[in-house]
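K.L.:
Before we start, here is the structure in question, set down as structure tokens.
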């Protein structure tokens, strides 16, 4: 039996899961089930609420979610306690354990508390390859590399950034499943820009709106997703330009996909000082839906993906005036082939089932 584990379920104030963990949970489970594997799911409460028992032999719910609401020092400390508690419980499972979302504190826990066990096989999936930086870079790197030595396999999602591990493989964090995405890819595109997903402090929403405020010629902009601060959301709504709509809500999957797929552009206003060396599910979903991503050049180049790149968010004014949508979409075809289920199943089979 393979145990899939996501110990880091993030939820809003109502306990609803935010981000993409429910989607990838179902995606990996479906592929493993197609390969004849029996699967146990170990996850945070908000993820368990969002998935069906179909495809799982068992679902074990961990004690804690991580709320996106609040940001004080005491919350941060308590959140780390929650993560450690969840990880400790998850590691009590035997056989192959697939941690398909990990953060730096996972590596810290492994470094400090985990003793390798011949009866366990630990495989992890990494969405970003840089857990270091700042004045403590040397210490953080040693923790990261020491923990990797206790891991049996690593799947990494940033294609050009190979993880220093003897048993590693690249696989996209979102898989292109043609039957699922074809209707969205072929949807009629409206002349508008959408900004979707969790509206965390790592997205430069204020700067994005300022660009639209000063440039009337830009297409309409729709910002929709759960904000990590109600005060921030209310502040943004006080003086919105006429061509900007802001919605603070967790979209259903179908609402999200229709809003995305019926738009010409998808903008990802990440603060790259905080988001460097990461992948993005919204970036891939935009391409899968035939929507042109507008994103920091560093994000596109790190993931070797096509789109409209900018160095500063104010550059998007010129980008919208000087681009070739049809030419960019033509470059998506190679992505659809290379990021499909065949590659993903090949990697999962080798890393989890061997």
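K.L.:
Here are some residues: 259, 300. Which one is at negative phi and touching a helix residue (DSSP H, G or I) at 6+ places or on another chain (Cβ under 9 Å)? Explain how you work it out, then say what you get.
P.N.:
Details: 259 fails: touching a helix residue (DSSP H, G or I) at 6+ places or on another chain (Cβ under 9 Å).
From the options 259, 300, the qualifying one is 300.
K.L.:
Please go through the stretch 25-47 and give me each residue that is touching a strand residue (DSSP E or B) at 6+ places or on another chain (Cβ under 8 Å) and in contact (Cβ under 8 Å) with a residue 40 or more places away in the chain, ordered by number.
P.N.:
Selection gives 25, 28, 32, 37, 40, 42, 44, 47.
K.L.:
Go through the stretch 304-315 and give me each residue that's in contact (Cβ under 8 Å) with a residue 24 or more places away in the chain and either assigned to a loop (DSSP other than H, G, I, E, B) or not assigned by TED's automatic domain parsing to the domain that holds residue 272 (or both). Walk me through it before giving the result.
P.N.:
Going residue by residue through the stretch 304-315, those that are in contact (Cβ under 8 Å) with a residue 24 or more places away in the chain are 304-308, 313-314.
Across the stretch 304-315, the qualifying residues are 304, 305, 306, 307.
K.L.:
Still on this structure, I have one more. Give the residues of the stretch 16-31 that are modelled with pLDDT of 90 or more and either part of a loop (DSSP other than H, G, I, E, B) or closer than 20 Å to residue 353 by Cβ (or both), sorted by residue number.
P.N.:
24, 25, 26, 27, 28, 29, 30, 31
K.L.:
Using the structure shown, decide if residue 99 is closer than 22 Å to residue 24 by Cβ, in contact with a helix residue (DSSP H, G or I) (Cβ under 8 Å, 6 or more places away or on another chain), in the same structural domain as residue 28 (by TED's automatic domain parsing) and surrounded by fewer than 18 Cβ atoms within 10 Å (Cβ to Cβ).
P.N.:
no
K.L.:
Just checking, which of 121, 142 is without any contact (Cβ under 8 Å) to a residue 12 or more places away in the chain and outside the structural domain of residue 272 (by TED's automatic domain parsing)?
P.N.:
The conditions single out 142.
K.L.:
Follow-up. Which of the residues spanning the stretch 145-158 are farther than 19 Å from residue 349 by Cα and crowded, with 16+ Cβ neighbours inside 10 Å?
P.N.:
147, 148, 158
K.L.:
Here is a check on your reading of the model: is residue 8 assigned to a helix (DSSP H, G or I), surrounded by 19 or more Cβ atoms within 10 Å (Cβ to Cβ) and in contact with a helix residue (DSSP H, G or I) (Cβ under 8 Å, 6 or more places away or on another chain)? Talk me through it step by step, then tell me what you get.
P.N.:
Working: assigned to a helix (DSSP H, G or I): no; surrounded by 19 or more Cβ atoms within 10 Å (Cβ to Cβ): yes; in contact with a helix residue (DSSP H, G or I) (Cβ under 8 Å, 6 or more places away or on another chain): yes.
Here the answer is no, as residue 8 does not meet what is asked.
K.L.:
Say we look at the stretch 210-224 and pick out the residues that are in a loop (DSSP other than H, G, I, E, B) and at pLDDT below 95; which of these is farthest from residue 191 (Cα to Cα)?
P.N.:
Of everything passing the filter in the stretch 210-224, 215 is farthest from residue 191 (Cα to Cα).
K.L.:
Show the residue pairs that are 6+ apart or on different chains and have beta-carbon atoms under 7 Å apart, the first residue being within the stretch 316-340 and over 18 Å from residue 179 (Cβ atoms), the second being part of a helix (DSSP H, G or I).
P.N.:
Close Cβ pairs (under 7 Å, with a partner that is part of a helix (DSSP H, G or I)) amount to 316/211; 317/211.
K.L.:
I'm told residue 19 meets every condition in (1) over 16 Å from residue 100 (Cα atoms); (2) in contact with a helix residue (DSSP H, G or I) (Cβ under 9 Å, 6 or more places away or on another chain); (3) touching a residue at least 24 places away in the same chain (Cβ under 8 Å) except one. Can you identify the failing condition by its number?
P.N.:
Tallying (1) over 16 Å from residue 100 (Cα atoms); (2) in contact with a helix residue (DSSP H, G or I) (Cβ under 9 Å, 6 or more places away or on another chain); (3) touching a residue at least 24 places away in the same chain (Cβ under 8 Å), residue 19 fails exactly one: (1).
K.L.:
Restricting the search to the stretch 264-303, which residues are part of a loop (DSSP other than H, G, I, E, B) and either free of Cβ contacts under 8 Å to residues at least 60 places away in the same chain or under 20 Å from residue 181 (Cβ atoms) (or both)? Even if it seems obvious, please write down each step before you answer.
P.N.:
Quick first cut of the stretch 264-303, residues part of a loop (DSSP other than H, G, I, E, B) only: 268-269, 271, 276-277, 279-280, 289-291, 303.
Within the stretch 264-303, 268, 279, 280, 289, 290, 291, 303 qualify.
K.L.:
Looking at (1) more than 18 Å from residue 173 (Cα to Cα); (2) surrounded by fewer than 20 Cβ atoms within 10 Å (Cβ to Cβ); (3) touching a strand residue (DSSP E or B) at 6+ places or on another chain (Cβ under 7 Å), which one does residue 347 not meet, given that it meets all the others?
P.N.:
Answer for residue 347: the failing condition is (1).
Residues checked against (1) in contact with a helix residue (DSSP H, G or I) (Cβ under 7 Å, 6 or more places away or on another chain); (2) closer than 28 Å to residue 197 by Cα; (3) surrounded by fewer than 18 Cβ atoms within 10 Å (Cβ to Cβ):
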position: 68; (1), (2), (3): no, yes, no
position: 72; (1), (2), (3): no, yes, yes
position: 139; (1), (2), (3): no, no, yes
position: 143; (1), (2), (3): yes, no, no
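K.L.:
Can you confirm whether residue 166 is assigned to a loop (DSSP other than H, G, I, E, B), under 20 Å from the mean Cα position of the chain (by Cα) and at negative phi? Write out each step before concluding.
P.N.:
On the way: assigned to a loop (DSSP other than H, G, I, E, B): yes; under 20 Å from the mean Cα position of the chain (by Cα): no; at negative phi: yes.
No, not satisfied.
The values are calculated or read from the model by the stated rules, or taken from the named source; none is laboratory data. Every value quoted in this text rests on a predicted model; they were computed, and no experiment measured them. Please note: Cβ atoms are built from the backbone with ideal geometry, for glycine as well, and neighbour counts cover all protein chains shown.
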